[in-house]
Amino acid sequence: MAEIRRVGVLGCGLMGSGIAQVAATAGYDTIVRDVSKEFLDRGRAGIEKSLAKFVEKGKLPAADRDAALQRLTFTTAVADLQPVDIVIEAITEDLALKNALFKELDTLCGAGTVFASNTSSLTIAEMAAATKRADRFVGLHFFNPVPLMALVEVVRTVTTSEQTFKRAFAFAASLGKEPVAAKDNSGFIVNLLLVPYLLDAIRAVERGVGSVPDIDKAMVLGCGYPMGPLTLLDFVGLDTTHHIAEIMFKEYREPRYAPPPLLKRMVLAGMYGKKSGKGFYDYSANPPIVNNLGL
């Protein structure tokens, strides 16, 4: 297969813009597609702000920042991704929407183009099956924030060719990331282990095992984690966690992946965590205070 020179990114949200940033910074011409100019402008502004911070902290020369921005192209047209060597999808966790885009791109892109998904919970095989290039389909699961987090899970399906897997693994490493090989199961490595831990923390709150701050403090001081599970849930998003847990429970049918009732009630109440201002903590206060959950 030909060398990867041009990168296409589907989605210019938090993850998509982050992936585009690291690709452009690593020297790849990068085309980012989203459904509206508004989303693209927001994503571009986020990239510019992130790169400015790297320059300000002395981690990136200003000339390299300018060169990275020059390598970025933003578009609303799916057809503009036709010439790329790899497409990385980073849109919402909606299988039907992902598959519709991959089917369209399958007819546009050349035979050598690798398709990849940044999904965190769906299986790659479900997307690969929608195309005629299942042997050239992988998972590339980046972590948020993409410019700072070193890990990429490179996921192979039962149909992914050895050549495609090696190509994707080398590409992830070329971005300055640390790739790990993962099997195509829902959650891959990190979420397979992380999601039950987070859900168990919610169950501990439900059962009165400890208060919200005490559970967080116990895991930080007792296990050396950078933040407690309930703080992490607020950062990830309770709605996002609920959605991922539902997908994983559907896949495995194991109680440990089932969303606890408290999580469901909080999501229904619009308590999504930091992004909505309220979750396990109330972020209208500075510093945040524990939210009243009515328990």
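Checking VAL236 against (1) at pLDDT 95 or above; (2) at negative phi; (3) under 22 Å from the mean Cα position of the chain (by Cα): exactly one of these is not met. Which one?
Answer for VAL236: the failing condition is (1).
Residue-wise test of (1) assigned to a strand (DSSP E or B); (2) among the β-branched types (Val, Ile, Thr); (3) buried (at least 16 other Cβ atoms within 10 Å of the Cβ).
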| position | (1), (2), (3) |
| --- | --- |
| VAL84 | no, yes, yes |
| VAL87 | yes, yes, yes |
| ASN99 | no, no, yes |
| LYS132 | no, no, no |
| PRO147 | no, no, yes |
| THR160 | no, yes, yes |
| GLN163 | no, no, no |
| LYS166 | no, no, no |
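Name the residue, out of ASN191, ASN185, that is outside any loop (DSSP other than H, G, I, E, B), touching a residue at least 60 places away in the same chain (Cβ under 8 Å), polar (S, T, N, Q) and at negative phi.
So the residue among ASN191, ASN185 that is outside any loop (DSSP other than H, G, I, E, B), touching a residue at least 60 places away in the same chain (Cβ under 8 Å), polar (S, T, N, Q) and at negative phi is ASN191.
Does PHE143 qualify as being touching a strand residue (DSSP E or B) at 6+ places or on another chain (Cβ under 9 Å), buried (at least 16 other Cβ atoms within 10 Å of the Cβ), touching a residue at least 24 places away in the same chain (Cβ under 8 Å) and in the same structural domain as ARG33 (by TED's automatic domain parsing)?
yes
Checking the condition within 24 Å of ALA26 (Cβ to Cβ) and not hydroxyl-bearing (Ser, Thr, Tyr), which residue from ALA134, ALA129, ALA125, ALA173 passes?
Checking each option against the conditions leaves just ALA173.
Every residue in region 220-258 that is aliphatic (A, V, I, L, M) and farther than 24 Å from ALA96 by Cα, please.
VAL220, LEU221, MET227, LEU230, LEU232, LEU233
Here is a yes/no grid of residues against (1) aromatic (Phe, Trp, Tyr); (2) more than 21 Å from the chain's Cα centre (by Cα); (3) outside the structural domain of MET15 (by TED's automatic domain parsing); (4) at pLDDT below 95:
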residue	(1), (2), (3), (4)
SER121	no, no, no, yes
LEU148	no, no, no, no
VAL154	no, no, no, no
VAL158	no, yes, no, no
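Just to check your reading of the model, which residue among GLY294, GLY222 is outside any loop (DSSP other than H, G, I, E, B), without any contact (Cβ under 8 Å) to a residue 60 or more places away in the chain and loosely packed, with under 15 Cβ neighbours inside 10 Å?
From the options GLY294, GLY222, the qualifying one is GLY222.
So if I check each of TYR272, TYR281, TYR252, which one is among the aromatic types (Phe, Trp, Tyr), within 26 Å of ASN185 (Cα to Cα) and assigned by TED's automatic domain parsing to the domain that holds VAL205?
Result of the check over TYR272, TYR281, TYR252: TYR252.
Filter region 27-63 for residues that are more than 23 Å from the chain's Cα centre (by Cα) and within 18 Å of VAL146 (Cα to Cα); which is surrounded by the most Cβ atoms within 10 Å (Cβ to Cβ)?
Checking each candidate, the answer is LEU60.
Quick check on region 79-89. Is at least one of its residues of a type in the set (D, E, K, R) and closer than 30 Å to GLY187 by Cβ?
Looking for residues that are of a type in the set (D, E, K, R) and closer than 30 Å to GLY187 by Cβ, one finds at least one in region 79-89, hence yes.
Here is a yes/no grid of residues against (1) at pLDDT 95 or above; (2) among the hydrophobic types (A, V, I, L, M, F, W, C); (3) assigned to a helix (DSSP H, G or I):
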| site | (1), (2), (3) |
| --- | --- |
| CYS12 | yes, yes, no |
| MET15 | yes, yes, yes |
| GLY18 | yes, no, yes |
| GLY27 | yes, no, no |
| THR30 | yes, no, no |
| GLU38 | yes, no, yes |
| ASP41 | yes, no, yes |
| GLY46 | yes, no, yes |
| LYS49 | yes, no, yes |
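The values are calculated or read from the model by the stated rules, or taken from the named source; none is laboratory data. Everything quoted here is computed from the prediction, not taken from an experiment. Neighbour counts are summed over all protein chains in view; Cβ atoms, including those assigned to glycine, are modelled from backbone coordinates with ideal geometry.
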